[in-house]
Amino acid sequence: MTRNGYGLETFLTVVVLALVSPLVGQAVSDSGYRLQSPSGPIPMGITNQWSVDNLIGMPFVAGGSATSTNDATYPETQPDQEHPEYKPDHLLDFSAFGQHVTGDKPEVFLGEAIPYPETEATNGWYVNWAVMSNELISPPAHAFYEPSVQQIYILDGGPVTINWVLTDGYTNRMASHTYLASSAPEGRPYRIYWTDTDYKNDLDFAAPTVNLQGRHVRFYWNTAIPAPEEGPTPNMAGSGTQTNVVRGLYIDAGGQLHAAPGDTLTNPLKGLVVMQYFKTADMQEQVPGGVVVVEVCEPDVETLQASIGERLLPRQEPHGPDGLEARVSQGLSSPVAVYQHRGQYSHSPKNGWVFATRRTVEAPWNIEIYWEEPDPLGTLWPYEVDWYAADWPTDAALYVRGTNGELGTDVSIPQTMGAELLDFQEPPGHAELTSDYRFLTTEPG
């Protein structure tokens, strides 16, 4: 404990607090402090037995600091006291505490295969996959068994119990194991945006469909993404497709996956669903590793700032740009606003990179990019869509020219570099690239 120059004592303390809340309290245990969540209001005079019966704990480490004074007079701003005759020996001027809360870490994530219990399958015992079935899963909607690859996959989050049947080749025995499953995938989900709705008053600008032509897939419908619902009359979907589906995921005759949102005000289609790839149309043999998590999303366009001549990238959070490919939906046709590099070979390190080539600050939708990610079978899914407000960079290279007809030296560019002058200039026409690859300008710009 130290005393400062203001007559206050500063100290570090570990404090046990009963939080004034009907839902949360704190208590001490042998493993440290615990954040408690009771099933009802915390009563006065808490007993250990009440805590055992009513509190759910998560361990955390707490620490903090405080200042106090031995001035026995309440501050003038203090409200009237219920017992003014009680005079304090010390008055707490300030206190603060913080803690790192830890929770249970999922053992398996949505769409992942559940590992068999290695601790049980020892000394010659192994999983008897021939007798495994969906009846051995509880709750049954949280996972499914795929016999063609001898795997059990997660369909929903929360505790899921698998009654593993183990054998030594002669007899069977049961080994029950409960896993904590995450309701989300461990990495980036494969997304599809609403394709049969329009966020710019023109179905030509609806989100792109996902090409599943030649693929054989099965969806495991759930409460968030149920089986497709049909309406009484056909309607026009994106890309001119005619369909009766008003809500749900469906594949049209051309193999394109659509997302019809339904009533976007009261019950929009949004959420995660597990999709399974099969080798053939009879759906008997799964493609190894062919289980993916699909997220259905409403239109979510974000405008990003960019500089002309700069490479355009997707949002950095939460997963960053790695693994995403640019699908330019606006900007490659007149008026051209981007350049997308196509190398001589597809494995060129810059193949597919996109660069802004025109000012779009006043109309950022003139550069629209869907950032797509390929799944294990190469299907491209649009992870995000962005508009770009591009402007001239503030750190552009300076090119000094003269006046009064003496403009000075041109810039010679090696022919082997394949230089090309893009059409957007401010002011128009002031820059020129001659046939012998000399760059020059006639006025500032």
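The values are calculated or read from the model by the stated rules, or taken from the named source; none is laboratory data. A quick note: this is a predicted structure, and the numbers were derived from the prediction, not measured. All Cβ positions, even for glycine, are placed from backbone atoms using ideal geometry, and neighbour counts span all protein chains on display.
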For this session: For segment 256-263, indicate whether the set of residues that are over 24 Å from residue 156 (Cβ atoms), acidic (Asp, Glu), assigned to a loop (DSSP other than H, G, I, E, B) and modelled with pLDDT of 90 or more is non-empty.
Result: no
Exercise. How many residues does segment 103-153 hold that are assigned to a loop (DSSP other than H, G, I, E, B), of a type in the set (A, V, I, L, M, F, W, C) and free of Cβ contacts under 8 Å to residues at least 40 places away in the same chain?
Worked result: 1
Seminar exercise, completed: The one condition residue 383 fails out of (1) among the aromatic types (Phe, Trp, Tyr); (2) under 21 Å from residue 195 (Cβ atoms); (3) at pLDDT below 90 is (3)
Problem set entry | Residues of segment 247-261 satisfying the condition of being surrounded by 19 or more Cβ atoms within 10 Å (Cβ to Cβ) and of a type outside the set (D, E, K, R) | 248, 249, 250, 256, 257, 258, 259, 260, 261
Exercise. Going through segment 306-350 one residue at a time, which ones are closer than 20 Å to residue 395 by Cβ and assigned to a loop (DSSP other than H, G, I, E, B)?
Worked result: 308, 309, 310, 312, 313
Problem set entry | Inter-residue pairs, beta-carbon under 6 Å, first closer than 22 Å to residue 414 by Cα and without any contact (Cβ under 8 Å) to a residue 60 or more places away in the chain and in segment 424-445, second assigned to a strand (DSSP E or B) and β-branched (Val, Ile, Thr), 6+ apart | 430/441; 431/441; 439/411
For this session: For residues that are farther than 16 Å from residue 274 by Cα and touching a His at 6+ places or on another chain (Cβ under 6 Å), scanning just segment 107-161, find the one that is surrounded by the most Cβ atoms within 10 Å (Cβ to Cβ).
Result: 160
For this session: Restrict the check to segment 420-427 and report whether at least one residue is modelled with pLDDT under 75, exposed (fewer than 13 other Cβ atoms within 10 Å of the Cβ) and of a type in the set (A, V, I, L, M).
Result: yes
Problem set entry | Qualifying residue in segment 406-415 (condition: surrounded by 10 or more Cβ atoms within 10 Å (Cβ to Cβ), more than 30 Å from residue 216 (Cβ to Cβ) and under 31 Å from the mean Cα position of the chain (by Cα)) | no
Problem set entry | Identity of the residue in segment 154-199, of a type in the set (Gly, Ala, Ser) and not in a loop (DSSP other than H, G, I, E, B), that ends up farthest from residue 244 (Cα to Cα) | 175
For this session: Determine which member of the set 272, 249 is in a strand (DSSP E or B), touching a Leu at 6+ places or on another chain (Cβ under 9 Å), touching a residue at least 60 places away in the same chain (Cβ under 8 Å) and farther than 30 Å from residue 422 by Cβ.
Result: 272
Exercise. Any chance segment 304-311 includes a residue that's modelled with pLDDT of 90 or more and within 28 Å of residue 377 (Cβ to Cβ)?
Worked result: no
Problem set entry | Among (1) within 23 Å of the chain's Cα centre (by Cα); (2) at pLDDT below 90 - the single one residue 192 does not satisfy | (2)
Exercise. Is there a residue being modelled with pLDDT under 90 and in contact with a helix residue (DSSP H, G or I) (Cβ under 9 Å, 6 or more places away or on another chain) anywhere in segment 209-216?
Worked result: no
Exercise. Among the residues of segment 351-366, which ones are in contact with a strand residue (DSSP E or B) (Cβ under 8 Å, 6 or more places away or on another chain), of a type in the set (A, V, I, L, M) and assigned to a loop (DSSP other than H, G, I, E, B)?
Worked result: 361
